[in-house]
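Student: Let me begin by handing over the structure; questions about it come next.
The values are calculated or read from the model by the stated rules, or taken from the named source; none is laboratory data. Please read these numbers as outputs of a predicted model, since none were measured by experiment. Every residue, glycine among them, receives a Cβ derived from its backbone with ideal geometry; neighbour counts consider all protein chains shown.
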Amino acid sequence: MKKAVKVKPLNFSTSWSYAPAPEGTEHVQLKDRYELFINGKFVAPAGGKYFDTINPATEKKIASVAEAGATDVDKAVKAARQAYDKTWSKMPAAERGKYLYRIARILQEKARELAVIESMDGGKPIRESRDIDVPLAAAHFFYYAGWADKLDYAFPGKRSQPLGVAGQIIPWNFPLLMAAWKIAPALACGNTIVLKPAETTPLTALKLAEILQEADLPPGVVNIITGAGATGAALVNHPGIDKVAFTGSTDVGKLIQKALAGTDKKYTLELGGKAANIIFEDAAIDQAVEGIINGIFFNQGHVCCAGSRLFVQEGVAKEVIRKLKDRISTLIVGDPLDKNTDVGAINSKAQLSKIKTLVNAGIKEGGECWQPDCNVPAKGYWFRPTLFMNVAQSHRIVQEEIFGPVLAIQTFRTLEEVVEKANNTPYGLSGGVWTDKGAKIFNVTGKIKAGVLWANTYNKFDPTSPFGGYKESGMGREGGLHGLMPYVKLS
Amino acid sequence: MATKTILKVKNIKVNVSSNGHEVPKSRLDVRKTYKLYIDGKFPRTESGRVVALKDASGKLIANVCRGSRKDLRDSIVSNRKAQEGWAKKSAYNKAQILYRIAETLEGRRAQFIDTLVQQGDSSVNAKKEVDAAIDLLVYYAGWSDKYIQVFSSVNPVESSHFNFSYHEPMGVVSVVAPLQQGLMGMVSLLAPMIIGGNVCTLLASEKYPLTAVDFGEVLNASDVPGGVVNILTGYRKEFLSHASSHMDINAILFADLDTEQKKLVQINAALNVKRVLDFSKEDIQSPYRILAAQETKTTWHPIGS
């Protein structure tokens, strides 16, 4: 029998600390007030109402933003229709593609400014907005640009036609990236757009509107209207749109699916998730620990495909949890604009209170809660990276999407057991598998009912790679060849 | 005893019975009890209710089961049990089973033509329809090991991963057979579902329930595992609200719902984000019918550095 080796806990409270390394903001150009982007121009909302967008790390107002009412939505839809009829659907496909290439290039040129604004408005670490959100947004435009004049090769035996006007509603977790995911394929296929960004993170979409102007995109081809749920509902219910593309919670997704009953509008839904991240005994443990961290604490856990349910095979459970705690203790929680920051601010006060509610429910239901004793700033919305152990399948923190930096850990013995547990959820967006065996990767990923499976990695995205869920995680795919299908009709 | 014509053949008087078969005059024909088809068996509806199916002249053809919500639930339990095993069968195997259905149907061509005629079709149309349905099964059998090749992709991602997307069946699909075209309507919806690894509960056409139940016998005789296709007869109106609100059905497929029926289905579908598949405008022969009931799964497989 092996002698148990006592492992000393790592001590991180040394005199070494990181000096602040904040990204500069002097190059950022922001207006005090943003209007609606309709028909190529910034116009004041008919109702004259504005709301504040605030920096969740400081609780300070960044700008006031127009709130679009039903009249504005109508104006935007009409502008999109006119642009569709008169310009966009008549333009040679190759020219459409060239506009998309232009947009991609300007996004790259302005990458630094966009990254800083993204982190200010949404609270995500600058490391992520700089290295992931903005470059991926540009890459999406660049990828779909090339599809515009090659659609005949995408649908064997069929000809594709655009649908018309697409109403698109995007969430606050990846504001610019989600705008790119929605706009790029829709435009490549020849549709025009009315896009509504989330009310807590409208700024990069409005900066994108300026970029569209700079790219000389014909007026009305993309309209960007800001507002909250009521604006989104007015857009979904507008009779002048042909298609709804929504990314957000499963609850709202169901409301939209219901609202569209009895209409001929097509829809794609990219909804919530509660993904299983599965660690087998034969995995490279240190690599897996990094993957678990990235899976749940990337973007403060505000990720629909977050690996929020960790399944560890019993033989390595102790080791994984110990290493996980050690690694979490090194995470730097704080100023999103600091280049050393690992975990930024929670996006909004409302989201913070939702996370707290679910964490309290987890404690009440008997889960063992663990947090590192890191400091968080006094002002702003913060939540420490959190682990839950000793939880059951039936617990709310195991069943419900928390959309925050909270990981529920369960153990398993056999492959069959973990597959069954992983699939025991109404969601089916994503999953992760960690093992040294290639055959086991194929075996397990084949059995998990989810749209995206990562093996020995997690939270990877690419414009060529289709993304989207099974079951209550939504329908339709975004990205890649398969991401074209939701924006065409075939004949 | 329901007789239509009396013919004289070789001095023996024969009757033509209600199901079109010749029987000696002195013999009482054996009528068929039309039951449901669930899990490879032919149970009566648990509700004990029947619908009297009558011909144009108002004469009784048969008492058809009026399937209930409980029958639907039983059927879905059986579907769910059968789904993984069916999807896991090799593409070659599924192709052969679909081809086998065509073979069995060809052997029972006369029976199906007779039954269609009995339910009101002209014999010319009935013949055409049965032939077309057999050919359509052969068509879809051929797609079994090809549609994934046509629609899958290897995605050239920027990182060191082998990234690929392929298709998996949505799972349990409830299928509303069109009212018209008793055989073809049903086959054109079922074939693309099951060849893609889905399993189905079919609500038979109210106008052609006998053809649906007879088709269950064909499936039963063609190595289609129990639970892959279950067949219920009854009222569409009842079935629609039950099937669209059932929480363990992944998709609902139809081709001829009216606006109100469609709306009801779409509203209920939102309960569990059911996929709503409307084939009213889809080509009868098309791999896109198969694709419509598939999910796309994308896997990031490490390739090392």
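Student: Name the one entry in B:ALA82, B:ALA110 that is in the same structural domain as B:LEU210 (by TED's automatic domain parsing) and crowded, with 16+ Cβ neighbours inside 10 Å.
Tutor: When all the criteria are applied, what remains is B:ALA82.
Student: Considering each of B:SER165, B:SER68, B:SER160, B:SER78 in turn, give the residue that is more than 19 Å from B:LEU210 (Cβ to Cβ) and either among the β-branched types (Val, Ile, Thr) or in contact with a His (Cβ under 8 Å, 6 or more places away or on another chain) (or both).
Tutor: Criteria check complete, one pass: B:SER165.
One line per residue, one yes/no per condition, for (1) more than 25 Å from A:ALA345 (Cβ to Cβ); (2) surrounded by 13 or more Cβ atoms within 10 Å (Cβ to Cβ); (3) free of Cβ contacts under 8 Å to residues at least 60 places away in the same chain:
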position: A:PRO22; (1), (2), (3): no, yes, no
position: A:ARG33; (1), (2), (3): no, no, yes
position: A:THR58; (1), (2), (3): no, yes, no
position: A:VAL73; (1), (2), (3): yes, yes, no
position: A:TYR101; (1), (2), (3): yes, yes, yes
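Student: Further question: Where residues in the range A:182-222 are of a type in the set (Ser, Thr, Tyr) and closer than 23 Å to A:SER64 by Cα, which of them is surrounded by the most Cβ atoms within 10 Å (Cβ to Cβ)?
Tutor: A:THR204
Student: Could you list, in sequence order, the residues of the range A:440-453 that are within 7 Å of chain B (Cβ to nearest Cβ) and in contact (Cβ under 8 Å) with a residue 60 or more places away in the chain?
Tutor: A:VAL452
Student: Given the criterion modelled with pLDDT of 95 or more and under 23 Å from A:GLY146 (Cβ atoms), identify the matching residue among A:PHE442, A:PHE461.
Tutor: Going through A:PHE442, A:PHE461 in turn, the sole match is A:PHE461.
Student: Please pick out the residue among A:GLU199, A:GLU210 that is over 22 Å from A:PRO486 (Cα atoms) and free of Cβ contacts under 8 Å to residues at least 40 places away in the same chain.
Tutor: A:GLU210
Yes/no per residue for (1) closer than 24 Å to A:PHE461 by Cβ; (2) out of contact with any Gly (no Cβ under 6 Å at 6 or more places or on another chain):
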| residue | (1), (2) |
| --- | --- |
| A:TYR143 | yes, yes |
| A:ASP149 | no, no |
| A:PRO156 | no, yes |
| A:ILE183 | yes, yes |
| A:ASN191 | yes, yes |
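Student: So is A:SER430 among the hydroxyl-bearing types (Ser, Thr, Tyr), closer than 30 Å to B:GLN149 by Cβ and more than 9 Å from chain B (Cβ to nearest Cβ) or not?
Tutor: yes
Student: In addition: Only one residue in B:GLU84, B:GLU106 is in a helix (DSSP H, G or I), out of contact with any Asp or Glu (no Cβ under 8 Å at 6 or more places or on another chain), closer than 21 Å to B:THR201 by Cα and among the charged types (D, E, K, R). Which one?
Tutor: Testing whether each residue is in a helix (DSSP H, G or I), out of contact with any Asp or Glu (no Cβ under 8 Å at 6 or more places or on another chain), closer than 21 Å to B:THR201 by Cα and among the charged types (D, E, K, R) leaves just B:GLU84.
Student: Does at least one position in the range B:121-144 carry a residue that is acidic (Asp, Glu), in contact (Cβ under 8 Å) with a residue 24 or more places away in the chain, in a loop (DSSP other than H, G, I, E, B) and buried (at least 18 other Cβ atoms within 10 Å of the Cβ)?
Tutor: Within the range B:121-144 (the criterion being acidic (Asp, Glu), in contact (Cβ under 8 Å) with a residue 24 or more places away in the chain, in a loop (DSSP other than H, G, I, E, B) and buried (at least 18 other Cβ atoms within 10 Å of the Cβ)), the answer is yes, since at least one residue qualifies.
Student: Another one. Which condition breaks for B:VAL224 when tested against (1) outside any helix (DSSP H, G or I); (2) more than 27 Å from B:VAL150 (Cα to Cα)?
Tutor: It fails just one condition, (2).
Student: Got at least one residue in the range B:50-59 being modelled with pLDDT under 95 and surrounded by 15 or more Cβ atoms within 10 Å (Cβ to Cβ)?
Tutor: Looking for residues that are modelled with pLDDT under 95 and surrounded by 15 or more Cβ atoms within 10 Å (Cβ to Cβ), one finds none in the range B:50-59, hence no.
Student: So, one more: Test A:ALA245 against the stated conditions and say whether it is closer than 24 Å to A:GLU478 by Cα, in a loop (DSSP other than H, G, I, E, B) and in the same structural domain as A:LEU187 (by TED's automatic domain parsing).
Tutor: Judged against the criteria, A:ALA245 is not a match.
Student: Take residues that are of a type in the set (Val, Ile, Thr) and within 11 Å of chain A (Cβ to nearest Cβ) and tell me which of the strands (runs of 3 or more DSSP E) falling wholly in the range B:236-305 contain 2 or more.
Tutor: Counting at least 2 such residues, we get B:294-302.
Student: Out of the range A:223-238, which residues are surrounded by fewer than 24 Cβ atoms within 10 Å (Cβ to Cβ), within 21 Å of the chain's Cα centre (by Cα) and assigned to a loop (DSSP other than H, G, I, E, B)?
Tutor: A:ALA228, the sole residue that qualifies.
Student: Are there any pairs with C-beta distances below 9 angstrom linking a residue in the range A:416-433 that is under 19 Å from B:ASN250 (Cα atoms) and assigned by TED's automatic domain parsing to the domain that holds A:PHE311 to a residue that is in a helix (DSSP H, G or I) and of a type in the set (A, V, I, L, M, F, W, C), with the two at least 6 apart or on different chains, and if so which?
Tutor: A:ALA422/A:VAL444; A:THR425/A:VAL398
Student: While we're here: Counting only residues that are in contact with an Asp or Glu (Cβ under 6 Å, 6 or more places away or on another chain) and under 15 Å from A:GLU35 (Cα atoms), how many does the range A:179-224 have?
Tutor: 3
Student: Any chance the range A:404-413 includes a residue that's more than 14 Å from chain B (Cβ to nearest Cβ), over 30 Å from B:HIS301 (Cα atoms) and either touching a helix residue (DSSP H, G or I) at 6+ places or on another chain (Cβ under 7 Å) or assigned to a helix (DSSP H, G or I) (or both)?
Tutor: no
Student: Right, here's the next one. In this structure, is A:GLY167 more than 18 Å from A:ALA104 (Cα to Cα), surrounded by fewer than 24 Cβ atoms within 10 Å (Cβ to Cβ) and touching a residue at least 40 places away in the same chain (Cβ under 8 Å)?
Tutor: no
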